[in-house]
1. How many residues are surrounded by 15 or more Cβ atoms within 10 Å (Cβ to Cβ) and assigned to a loop (DSSP other than H, G, I, E, B) when one looks only at segment 6-36?
2. When you look at residue 191, is it in contact (Cβ under 8 Å) with a residue 12 or more places away in the chain and either under 19 Å from residue 82 (Cα atoms) or open to solvent by 50 Å² or more (accessible area, probe 1.4 Å) (or both), yes or no?
3. Could you run through segment 94-116 and say how many residues are polar (S, T, N, Q), in contact with a Ser or Thr (Cβ under 6 Å, 6 or more places away or on another chain) and open to solvent by 50 Å² or more (accessible area, probe 1.4 Å)?
4. How many residues are over 20 Å from residue 155 (Cα atoms) and not hydrophobic (A, V, I, L, M, F, W, C) when one looks only at segment 209-227?
5. Give segment 38-48 a look and list any residue that's open to solvent by 50 Å² or more (accessible area, probe 1.4 Å) and in contact with a Ser or Thr (Cβ under 7 Å, 6 or more places away or on another chain), or say none.
6. Of these, 58, 73, which one is open to solvent by 60 Å² or more (accessible area, probe 1.4 Å) and touching a Leu at 6+ places or on another chain (Cβ under 9 Å)?
7. For the list (1) at pLDDT below 80; (2) of a type in the set (Gly, Ala, Ser); (3) within 15 Å of the chain's Cα centre (by Cα), I need the number of the one condition that residue 184 fails.
Amino acid sequence: MEPKNILVVGAGSGIGRSLLEKLNTIPEYFPIGISRRGVPLEKDLEKGTNYLCDLGDKDQILKFTSSLLQFWKEIHAIYFASGDGLFLKIEDLEWEDLQKHLTLNLSAPILLTSKLLPSMKKGSLLCYISSTAGKQGFPESSPYCASKHGLAGFAKAIREEVKDRGIRVTTVYAGAIDTPIWDGREGFKREDMIPASDAAIFLESLYSLPASFNQDEILFLPPKGVL
């Protein structure tokens, strides 16, 4: 049996890195990642490797997807785990920071989906990792909430586009997971958060579950709820 080709977007740190590590332990999977912390793609793909692609750069995305499709004729799952936080009062927002934030959190997943979706067939999975900020508002988080609401809305539309093709689309509204996005933010206890390695166990299961049903939207929280 041919291995299942799985792409983890945003595999340089946090959830994405832990997910790539988890997927790489499963013999029947051939996972790779992309992020700005990756290594250049030069020759053959190597299982479990995080490759270089600055998701804030349209040209790098187009170059990488073109190269990837020369190696992979079929993609079985894509996990969209990239993104950063922009936490500030709205009156302190700068235009340049907003554009960079929306490009990484929203435009990049949309462009990647556009270029890679033709290589996905019945039973494959698109998993968009949103946030509780994609379901509700939080103070001093308006750009982040907007990007995560936007990602969830995009996933809803794509789900309608591909349902007749048997492609599964899942949106995960993730609560507090202990990743670098919390670095420097006061008032939050990291010990109350879900370890990224535990989140990876759950996320992997979304693809391995039977393809006869689809988990459209999942709210995924630590035991203490929304922190």
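The values are calculated or read from the model by the stated rules, or taken from the named source; none is laboratory data. What you see is a predicted model, and the numbers here were worked out from it, not measured in a lab. Positions of Cβ are generated from backbone atoms using ideal geometry, with glycine treated the same way; all protein chains shown enter the neighbour counts. Each accessible area value is taken on the protein alone, full model and side chains, heavy atoms only, with ligands, DNA and RNA left out. Shrake-Rupley method; radii C 1.70, N 1.55, O 1.52, S 1.80 Å.
1. Within segment 6-36, residues that are surrounded by 15 or more Cβ atoms within 10 Å (Cβ to Cβ) and assigned to a loop (DSSP other than H, G, I, E, B) number 6.
2. no
3. Going through segment 94-116 one residue at a time, the tally reaches 0.
4. 5
5. 39
6. 58
7. Looking at each condition in turn, residue 184 falls short on (3).
Residue-by-condition table, conditions (1) open to solvent by less than 40 Å² (accessible area, probe 1.4 Å); (2) among the hydroxyl-bearing types (Ser, Thr, Tyr):
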site: 124; (1), (2): yes, yes
site: 133; (1), (2): yes, no
site: 152; (1), (2): yes, no
site: 206; (1), (2): yes, no
site: 209; (1), (2): no, no
site: 214; (1), (2): no, no
